[in-house]
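Enquirer: Before anything else, here's the structure in question.
The values are calculated or read from the model by the stated rules, or taken from the named source; none is laboratory data. These numbers were taken from a predicted model, which means no experiment stands behind them. Don't worry about glycine lacking a Cβ; one is built from the backbone with ideal geometry, like all the others, and counts go over all protein chains shown. These area figures cover heavy atoms from the full protein model, side chains too; ligands, DNA and RNA do not enter into them. Shrake-Rupley method; radii C 1.70, N 1.55, O 1.52, S 1.80 Å.
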Amino acid sequence: MRFARGEYLMFVDSDDAITNTALEELYTIAKKFDADVIHCEKFYRAQDNIKIDKPNLKIVSNMKDFVSTPALMPENIIERIVYFSMLKFDWSTWLNFIRRDFVMKNNLEFPDYKVCEDAIFAIFCLCLAKKIVRVPNVAYIYRARDDSATQFALLSAEEKLNRWGDFFLRGIPLIDKFMNKLATFKDHAEYKYAVYNLLMDTQSAPILNAYAQIPAFRFEKWIRTKIETIENGSALTAFLFSRANLCNLRMIQQQNFIRQQQQQIQQLQEQLQKLKLDTDA
C-alpha cells in the first residue's frame, strides 16, 4: 500500500482474478460518491483449475442482506458496527475498493497475523471512513481450492492454537485498544462486545477443534503462557477464551443430546422390529 501510486487500492489474492470491467465499474461509483470505501457484497466463485468464463462462475455472498443499487452506509459508527455484527458487511479485504489517501492519512496497516488480519482492517475502515458505499456489482472472482481444507486438516492442535489463538490473544486486544480511543465506544462498550462475540462465533472453530484434541490442562497452560506475553490484554483474552470454553461445553451438550436421541431411535426401531416378529408369529 505504501508503494502504490494510484488513487484507489484493490486487493487480489494471487490465485484469484477480477472481471474485465471491475476497476472501471468501481472507480466510476467511487468518484460519483467521493467514497473512501466501495464495498462489494457479492463475488463470483470458480472451481480451481477451471477456465474463468461465465458458465463456470457462480455468484455467491457471505452476507445476509444486499443492496440492489449503490447505497451509502450510515455515517454513524454504531450503525456501521451493527451492520458488521449482523453480517451485513463482509470483512474480506478483496471485496473492498479503497481510496489510498484515506489509508495513508489514517496510517492503516494489516497486523502481522496468519488469520483474520482482514477483519481487523475492515473494522478500522468502518470506524474511520467518511463515506462507505455498498454496491451490488460482482467484480471479484474467487477460486475455491481443494487443498485449503486438506492443509487445515494436517495442522496439529498446537498449530491451530498458535494460528487462531494469535488472533484472539493479540488481534482482539488491538481492536479493543483502537475502539477505546474513539469517543463513540466510551459510553457504548456493548457494541465492542457485539464485535468480539461475532468474531468468536465465526472464528472459534479451529480453537475448539484444537481444544477437543488436547487435555484441558494443556489448553489452560497454553492460554496462561500466551497471556503473560500480552500487554494490557489479559482481561479481554480471558473473557474471549471463557467464551470459547462455553462454546465447547455447549457443543458437548449438543453432542450428548444427539447421542441420546439416536439411542432412543434405536430402541424404538428394536421395539418395532420385535412387534413385527410377534405379529408374524
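Enquirer: Starting from the 7 Å offset along Cα-to-Cβ, what nm value, one decimal, do you get for the label separation of Lys31 and Lys114?
Expert: Between Lys31 and Lys114, the simple spin-label model gives 4.4 nm.
Enquirer: While we're looking at this one, here's another question. Order the peptides 56-62, 272-278 from the highest to the lowest mean number of other Cβ atoms within 10 Å of their residues.
Expert: 56-62, 272-278
Enquirer: Using R₀ = 25 Å, calculate the FRET efficiency as 1/(1 + (r/R₀)^6) where r is the Cβ-Cβ separation of Asn162 and Asn197; round to 0.05.
Expert: E between Asn162 and Asn197, to the nearest 0.05, is 0.60.
Enquirer: Using Cα pairs under 8 angstrom and six or more residues apart, how large is the relative contact order of the chain, in percent?
Expert: 22
Enquirer: Please report, as a whole percent, how much of the solvent-accessible surface of the chain comes from carbon and sulfur atoms (probe radius 1.4 Å).
Expert: Its accessible area is 50 percent carbon and sulfur atoms.
Enquirer: Given axes a ≥ b ≥ c from the Cα gyration tensor, I'd like to know whether the range 49-124 is rounded (a/c under 1.5), prolate (a/b larger than b/c) or oblate.
Expert: Taking the square roots of the gyration eigenvalues as a ≥ b ≥ c, the range 49-124 is oblate.
Enquirer: So how much slack lies between Asn256 and Lys276, counting 0.36 nm per residue of separation and subtracting their Cα-Cα distance, in nm?
Expert: Length gained, Asn256 through Lys276: 4.2 nm.
Enquirer: With helices defined as uninterrupted DSSP H runs, which ones in the chain have an alpha carbon span along their own long axis of at least 18 Å and mean Kyte-Doolittle hydropathy of at least -1.0?
Expert: 189-203, 234-280
Enquirer: I would also like to ask the following. Where a ≥ b ≥ c are the square roots of the eigenvalues of the C-alpha gyration tensor, would you call the range 45-186 rounded, which needs a/c under 1.5, or, failing that, prolate if a/b is larger than b/c, or oblate?
Expert: oblate
Enquirer: Tell me, what HN-Hα J-couplings in whole Hz come from the Karplus equation 6.51 cos²θ - 1.76 cosθ + 1.60 at θ = phi - 60° for each residue of the range 39-44, using x for Gly and Pro?
Expert: 10, 7, 9, 9, 8, 8
Enquirer: Between Lys177 and Arg5, how high is the FRET efficiency from 1/(1 + (r/R0)^6) when r is the Cβ-Cβ distance and R₀ = 41 Å? Nearest 0.05.
Expert: That pair, Lys177 with Arg5, gives E of 0.85.
Enquirer: Moving on to the next point. From the square roots a ≥ b ≥ c of the eigenvalues of the alpha-carbon gyration tensor of the range 1-77, which class results: rounded (a/c under 1.5), prolate (a/b over b/c), or oblate?
Expert: Oblate.
Enquirer: Using modelled amide H (1.01 Å from N, peptide plane; none on Pro or chain starts), what sits under 5 Å from the amide H of Leu155, excluding residues fewer than 5 places away?
Expert: none
Enquirer: If you don't mind, another one. Tell me the per residue accessible area of the chain using a 1.4 Å probe; a whole number in Å² is fine.
Expert: Here the per-residue accessible area is 58 Å².
Enquirer: How much mean residue ellipticity at 222 nm does the chain get from its helices, if each DSSP H run of length 4 or more adds -39500 (n - 2.57) and you divide by all residues, to the nearest 500 deg cm²/dmol?
Expert: Computed mean residue ellipticity for the chain: -17500 deg cm²/dmol.
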